[in-house]
Each structure stands twice: as C-alpha cells, then as structure tokens.
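Read the structure below first, then the notes.
The values are calculated or read from the model by the stated rules, or taken from the named source; none is laboratory data. Keep in mind that what you see is a predicted model, and the values were worked out from it rather than measured. With ideal geometry, Cβ positions are generated from the backbone for all residues, glycine too; neighbour counts draw on all protein chains shown. To get the accessible areas, we keep the full protein, side chains included, count just its heavy atoms, and leave off ligands, DNA and RNA. Shrake-Rupley method; radii C 1.70, N 1.55, O 1.52, S 1.80 Å.
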Amino acid sequence: MIPRAPKGTDDILPPESERWRRLLREFDDIAERFGYGLVITPVFEATELFGRGVGEETEVVEKQMYTFEDRGGRSVTLRPEATASVIRAYLQSGTRGVFKGAYAGPMFRYEQPQAGRRRQFHQVGVEYIGEASPDADVEVIEVGYRLLEVLGIGDAEVLLNSLGDPEDRVEYRRLLAAYLDERSGDLSPDARRRMAGNPLRVLDSKVDSAVVADAPVPGEHLSPAAQEHISAVRSGLDAIGIPHREAPRLVRGLDYYNRTVFEYESASYGAAQSALGGGGRYDPLAAMLGGPEVPAVGLAMGVDRIVLAMPVSEVSAVLDVFVVTADPARRATALALVRRLRGDGVSADLDLGHKSLKSQFRTADRRRAAAVVVVGEEWDAGRVTVKDLKSGAESSVAAQEVASWIRGH
Ligand code: HAM
C-alpha cells in the first residue's frame with residue numbers, strides 16, 4: 001500500500017495551492033509595506049519554551065503538543081505557534097528597542113481534525129515588539145484586516161476585548177474563582193482541575209459553555225490605564241474604518257496576553273472553527289521567558305482557513321500561457337517563445353514530450369492555462385494564434401507582442 005499523509009495533515013497541490021501562493025504573496029507584500037522584516041525561527045524548540053511562554057495550564061500545552069525526545073535526550077516540541085519563538089529569538093539575539101518581524105510557516109497541534117482544524121496548519125503573522133502604544137495594536141489589527149480585504153474577504157469583522165493588566169487580573173481572578181466555586185458542581189473534571197491553577201483557562205473550555213456564559217468578564221475590572229488603552233485602540237480602528245465589535249468573553253487560549261485581544265471573523269467562513277486569525281498584546285511574555293519587560297503586540301492568521309473563505313474568483317489560472325505546436329520541426333521555436341515569455345514576466349510552459357496537438361491542448365486544460373499559443377505556419381509571417389481557454393475566442397497576434405497581448409487580457 002502507498003503510504004498516506006498523516007491524519008490531520010494535507011498535501012497542498014495545484015490548482016488549490018495557487019490560492020496559497022496568492023495569500024503568501026499578498027502577506028509578504030503587506031508585511032513589507034508596513035515595515036516588518038522577515039523572521040525565520042526553528043520549527044521545533046525546547047519544550048520548556050512553550051510551557052513557560054504559552055502556559056502550562058493551556059489546552060495547547062496540556063493536550064496538543066507534539067513533544068518528543070531527540071537522540072540526545074532533549075525534550076523538543078514541534079512549535080504549536082510562533083510568538084514564543086519570535087520573542088525568544090529577539091531576547092537571544094540581544095536586540096533592544098523596537099523590532100517588527102513577520103513570519104509564515106507550519107504550526108503543529110494535536111487536535112481533532114476537521115475542515116479548517118488541522119494537526120499541521122499554516123500561519124502568517126507579525127509581531128510588533130518593543131512598543132507599548134495602542135497605535136501599535138491598531139497597526140497590527142490593520143495588517144490582518146488588509147490581508148483579508150485584498151483576498152476578497154471584504155466582510156471580515158474584528159472581535160475585540162481587553163483582558164486588562166496582570167494587576168487587574170488579580171481582582172478578576174478572585175471574582176471568577178468565587179463564581180466557578182459556586183458552580184463547581186456543573187463543571188467538567190478538566191475545568192475543576194484548571195480552576196486551581198488558572199481559572200481564566202476555564203473560560204476556554206468548550207464543554208463548560210453553560211457555566212462560562214454567566215461568568216464575570218474581564219472587561220468589567222480594568223484599571224483606568226487599561227481602559228484608556230482599549231478606548232484608544234477602538235478609536236484608532238474607527239479612524240481607519242476597520243469594523244470591530246465588543247467580544248467581552250473573548251479571552252484567547254494562550255496565557256501571555258494582557259490588555260488587547262482580538263480575532264477576525266467573516267460570514268464567508270461559517271465553519272465551527274470560525275476565527276480566521278487572532279492575536280493581542282502580550283507585554284508579560286518577555287519576562288515570562290526570563291528577559292526584561294518588553295511590551296509587544298502581534299497576530300497570526302490561519303492560512304488553511306482563509307484559503308477556504310476566499311471567493312472562487314480569487315483563484316487565478318496556474319499558467320498564463322501554454323504553448324503548443326503540431327509540427328515537431330517547430331518545437332525549438334516553441335521552446336524559444338516560452339523562454340522569451342518567461343523572461344517578459346509571463347508564466348509559460350509547453351509539453352516537452354512528443355505528444356499530439358490534441359493531447360497538448362488537453363494538458364493546457366489540465367494545467368489550468370488561461371490561454372494557448374499555437375506555433376504553426378503563420379510563425380513564418382511573424383504571427384501566432386492565441387486561444388483564450390475560457391471564452392474559446394481565437395486571435396492572431398504578432399509573435400513579438402504575445403507578452404503584452406496576454407498582459408492586456
Ligand atoms: P491562535 O489563535 O492560537 O493564536 O492561532 C491563530 C490562528 O491560527 C487562528 O485564528 C486560526 O485561524 C489558526 N489556527 C489555529 N489552530 C489551528 C488549527 N489546528 N488548524 C487550522 N488553523 C488553526 C496564535 O497562534 C498566536 N501566536 C497569535 C499571536 C501572535 N498573538 C500574538 N502574536
């Protein structure tokens with residue numbers, strides 16, 4: 001039997017992968033324009049990083065990590081997310097002050113797989129490190145929103161909440177713990193166990209949603225400074241026309257957050273796992289890893305989910321042009337034309353075997369070419385026939401002008 005890809009993982013192949021390529025290109029472009037440099041960190045890290053960074057009591061660390069011992073006896077973990085790694089890299093490199101980094105790559109969480117919830121999934125994200133201003137929160141939220149917008153997901157909305165500062169949390173935790181204590185008879189064993197360690201994590205529990213629905217919310221217990229911060233974020237988003245909505249129960253599943261937390265939702269993506277991305281401010285993380293106090297805010301977008309939400313019209317043809325010829329004597333000419341088109345920035349290909357014209361046309365279809373260029377007798381008069389594969393329309397075009405003709409269509 002031919003081995004299959006592991007459960008919860010996918011092979012991303014053409015033409016589907018064209019959506020991925022489009023998304024990655026747009027992200028790259030936005031990240032560059034907003035001033036985020038490329039960051040590449042290891043796909044596996046010392047397990048300790050996630051226990052300390054993401055939080056021992058979180059669902060991600062408790063149940064979802066791919067952790068193993070390497071041949072040297074070290075415990076390593078396939079990264080379930082990248083924020084802890086980026087902050088580690090920032091601290092390890094001795095960088096000081098503002099640092100803006102963007103990343104893209106696979107993450108790993110042992111989850112119950114379904115559409116949009118995979119064991120190997122992909123994120124693109126940015127981290128704005130070293131800046132405490134609410135304007136940094138607004139910028140980061142804008143990056144994710146602009147990405148969705150340019151990909152045709154124009155109905156995205158930002159769900160916004162504030163978790164307050166660690167000091168606000170002390171009072172909130174007390175109130176929450178008292179409430180959960182009162183309702184402990186209705187809680188799952190998992191939630192009862194989490195109550196002792198970090199009651200906030202009970203709010204992530206899907207099986208305890210009835211109890212969670214009536215729980216006190218963090219937004220009611222904010223210090224004036226935290227309140228001012230979230231209001232500034234709200235008015236910053238209003239000023240640039242990014243739709244947002246209060247989500248008082250949004251707490252996010254990772255321990256490093258304070259103040260602003262947010263997620264993106266869209267009606268174009270109606271599945272049960274509805275967040276297309278999320279993030280927040282995580283000022284405590286650097287110190288959680290043993291570093292100095294460094295304010296930071298960031299986001300990660302779920303590539304697998306965004307691709308599912310992209311309108312079909314956003315999937316472009318894989319190839320601009322497939323060049324065919326019926327005459328084996330013209331193969332070298334066809335190949336030279338393909339080379340020239342590629343040089344002119346047009347994606348072009350041809351069949352390198354000795355197939356019939358009909359079979360070359362079939363390949364053009366299968367390869368999702370937008371047009372076929374036929375190199376035939378009219379080549380001797382400096383012309384080719386271009387057939388638009390969508391409309392079926394044929395045009396005679398000067399061989400020298402194929403690239404500009406294609407671009408104009
Ligand atoms: P997160 O909310 O855990 O945040 O993940 C961000 C996004 O990744 C989610 O909104 C979702 O779209 C996608 N995602 C998460 N798990 C899966 C999965 N199993 N399958 C498919 N997609 C998934 C973080 O990871 C934080 N590091 C974000 C951040 C950056 N916060 C600050 N900076």
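Could you please give the count of residues in the stretch 65-83 that are open to solvent by 20 Å² or more (accessible area, probe 1.4 Å) and either in contact with a Pro (Cβ under 6 Å, 6 or more places away or on another chain) or closer than 23 Å to G8 by Cβ (or both)?
Residues in the stretch 65-83 being open to solvent by 20 Å² or more (accessible area, probe 1.4 Å) and either in contact with a Pro (Cβ under 6 Å, 6 or more places away or on another chain) or closer than 23 Å to G8 by Cβ (or both): 8 in total.
Having 1 or more residues that are open to solvent by 40 Å² or more (accessible area, probe 1.4 Å), small (G, A, S) and over 30 Å from S268 (Cα atoms) is the bar; report the helices (runs of 4 or more DSSP H) wholly within the stretch 299-397 that clear it.
331-343
Any residue at all in the stretch 32-40 that is among the aromatic types (F, W, Y), within 20 Å of G105 (Cβ to Cβ), open to solvent by 40 Å² or more (accessible area, probe 1.4 Å) and out of contact with any strand residue (DSSP E or B) (no Cβ under 7 Å at 6 or more places or on another chain)?
Yes, the stretch 32-40 contains at least one residue that is among the aromatic types (F, W, Y), within 20 Å of G105 (Cβ to Cβ), open to solvent by 40 Å² or more (accessible area, probe 1.4 Å) and out of contact with any strand residue (DSSP E or B) (no Cβ under 7 Å at 6 or more places or on another chain).
Could we say that V294 is in a loop (DSSP other than H, G, I, E, B) and within 16 Å of the ligand (Cβ to nearest atom) here?
Spelling it out, V294 is indeed in a loop (DSSP other than H, G, I, E, B) and within 16 Å of the ligand (Cβ to nearest atom).
Tell me which residues, restricted to the stretch 248-278, are more than 10 Å from the ligand (Cβ to nearest atom), crowded, with 18+ Cβ neighbours inside 10 Å and of a type in the set (K, R).
Scanning the stretch 248-278 gives a single hit, R259.
Test L203 against the stated conditions and say whether it is out of contact with any strand residue (DSSP E or B) (no Cβ under 8 Å at 6 or more places or on another chain), within 16 Å of the ligand (Cβ to nearest atom) and in a helix (DSSP H, G or I).
The answer is yes for L203.
Every residue, every condition in (1) outside any strand (DSSP E or B); (2) aliphatic (A, V, I, L, M); (3) more than 9 Å from the ligand (Cβ to nearest atom), yes or no:
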residue: Q123; (1), (2), (3): no, no, no
residue: E127; (1), (2), (3): no, no, no
residue: A132; (1), (2), (3): yes, yes, yes
residue: A136; (1), (2), (3): yes, yes, yes
residue: E142; (1), (2), (3): yes, no, yes
residue: E149; (1), (2), (3): yes, no, yes
residue: D168; (1), (2), (3): yes, no, yes
residue: Y172; (1), (2), (3): yes, no, yes
residue: L176; (1), (2), (3): yes, yes, yes
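Could you list all residues from the stretch 117-142 that are touching a helix residue (DSSP H, G or I) at 6+ places or on another chain (Cβ under 7 Å) and charged (D, E, K, R)? Explain how you work it out, then say what you get.
Keep residues of the stretch 117-142 that are touching a helix residue (DSSP H, G or I) at 6+ places or on another chain (Cβ under 7 Å), which gives 118, 121-124, 126-129, 134-135, 137-138, 141.
If the condition is that a residue be touching a helix residue (DSSP H, G or I) at 6+ places or on another chain (Cβ under 7 Å) and charged (D, E, K, R), then R118, E127, D135, D137 are the ones that fit.
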